[in-house]
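The values are calculated or read from the model by the stated rules, or taken from the named source; none is laboratory data. Not measured: the values here are computed from a predicted model. Heads up, the Cβs are rebuilt from the backbone with ideal geometry, glycines too, and the neighbour counts pull from every protein chain shown.
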């Protein structure tokens, strides 16, 4: 980070910290109450449901005076795993709406694994703890609080805003609500573009703001099965053709293979702009790879970092293995799952062809784990209409903080929207500590201060985009 940025950043955070010691104003108090309520509802698929969360959010909007026709709780399975959609009519009838999105389902959390109740918002030592505090009920709260505050302040947006808090993003329940909505109720969520608080996290490093990410693309998730079968036999009579050994050799070849470096508009900009935040060899390597993706020595140094490696290329890694049927029998079957995260602009068919070539063994059958939707999603364009409002609000709250385009290496509901032709941008407002990411893990948490900063940031951001 350039030293001229340090003082205003430290000053801004010091002022915010001082404010945090005061009693909460009405806007923050409302946001905290929403956060407390929805964290307290188990919305994991196996043990819980998103429907109570959807109904709780809907009730708040109805109580705030939103027409019943504009507050919809909907889902394909009756009262199980519903989503909530709220429409806030704008002045313009010619401009298409903006979609504001987050998911309200969470991954499972076993209370015995946690130091506290995962389904109760716990404030301790400057942190909010609870399942979903960072993924992504914090984001859902900031969006709901922003629209409720606008209504309370009698602010009519220049263009219509659609809030969609959805189920199924984490893979539970057998369906993804965003995909289902696109296929069955697109009119409810159709928009010029979407703002997704489930990605594009602003980051802290060593307790200080590092960057404001803008997520424009994400890798596509596709698993493959590698399977070997043979006749087996008695383990006292080993034969040269062993299904487990053949599979192990194939897995090893896949694991050691590195896909070619492929930079997109987003990842090229990421390395160019991130270089200004680093120093020494790392800064040099970032600038070099942005200019010349074919520089193998530079790519090798950057690839030592799992994060940078994932930005540079498609990745495939083994995640599950099952083999054999008895300890005293030669295996008749051995099967592994290889999970791939595929870059925008590449296809799962191409990846399958590459795996077939790398394995180089016809006895190893390679198949898609499921057909899924294997259509790659193009990156959303970096236009001034998207970038400039984000930069203005960021400059107001954190002067000097750089806005850096980012590709998500995981997956969000942005993928089905981009596939449907709705550009989607990750713009979370809650800072995460890059050295303390606990999403999906034990004692998930976020900083209390970051939550309240995110509430204000998202409010300002939504107003800026809505005109």
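Here are some notes:
- For segment 194-234, the set of residues classified as farther than 22 Å from residue 135 by Cα and part of a strand (DSSP E or B) consists of 223, 224, 225, 226, 227, 228, 229, 233, 234, listed by residue number.
A quick yes/no check of all residues on (1) at pLDDT 95 or above; (2) part of a helix (DSSP H, G or I); (3) surrounded by 13 or more Cβ atoms within 10 Å (Cβ to Cβ); (4) not assigned by TED's automatic domain parsing to the domain that holds residue 231:
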{"position": "281", "(1), (2), (3), (4)": "yes, yes, no, no"}
{"position": "284", "(1), (2), (3), (4)": "yes, yes, yes, no"}
{"position": "287", "(1), (2), (3), (4)": "yes, yes, yes, no"}
{"position": "301", "(1), (2), (3), (4)": "yes, yes, yes, no"}
{"position": "311", "(1), (2), (3), (4)": "yes, yes, yes, no"}
{"position": "316", "(1), (2), (3), (4)": "yes, no, yes, no"}
{"position": "352", "(1), (2), (3), (4)": "yes, yes, yes, no"}
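- Count - residues of segment 249-280 that are farther than 22 Å from residue 216 by Cα and without any contact (Cβ under 8 Å) to a residue 40 or more places away in the chain: 5
- Residue in segment 107-116 that is over 19 Å from the mean Cα position of the chain (by Cα) and either closer than 23 Å to residue 187 by Cα or crowded, with 24+ Cβ neighbours inside 10 Å (or both) present: no
- Residue within segment 323-345 that is out of contact with any strand residue (DSSP E or B) (no Cβ under 9 Å at 6 or more places or on another chain), closer than 30 Å to residue 232 by Cβ, in the same structural domain as residue 244 (by TED's automatic domain parsing) and not in a strand (DSSP E or B) present: yes
Residue by residue, here is whether (1) out of contact with any strand residue (DSSP E or B) (no Cβ under 7 Å at 6 or more places or on another chain); (2) under 30 Å from residue 120 (Cβ atoms); (3) buried (at least 18 other Cβ atoms within 10 Å of the Cβ); (4) modelled with pLDDT of 95 or more holds:
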position: 364; (1), (2), (3), (4): no, no, yes, yes
position: 389; (1), (2), (3), (4): yes, no, yes, yes
position: 402; (1), (2), (3), (4): no, no, yes, yes
position: 412; (1), (2), (3), (4): no, yes, yes, no
position: 417; (1), (2), (3), (4): no, no, yes, yes
position: 423; (1), (2), (3), (4): no, no, yes, yes
position: 430; (1), (2), (3), (4): no, yes, yes, yes
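- Subset of segment 242-275 that is closer than 19 Å to residue 351 by Cβ and out of contact with any strand residue (DSSP E or B) (no Cβ under 8 Å at 6 or more places or on another chain) - its residue that is surrounded by the fewest Cβ atoms within 10 Å (Cβ to Cβ): 256
- Residue satisfying all of: in segment 122-173; at pLDDT below 95 and not in a loop (DSSP other than H, G, I, E, B); surrounded by the most Cβ atoms within 10 Å (Cβ to Cβ) among these: 172
- All conditions but one from (1) surrounded by fewer than 24 Cβ atoms within 10 Å (Cβ to Cβ); (2) in the same structural domain as residue 364 (by TED's automatic domain parsing) apply to residue 228; the one that does not is (1).
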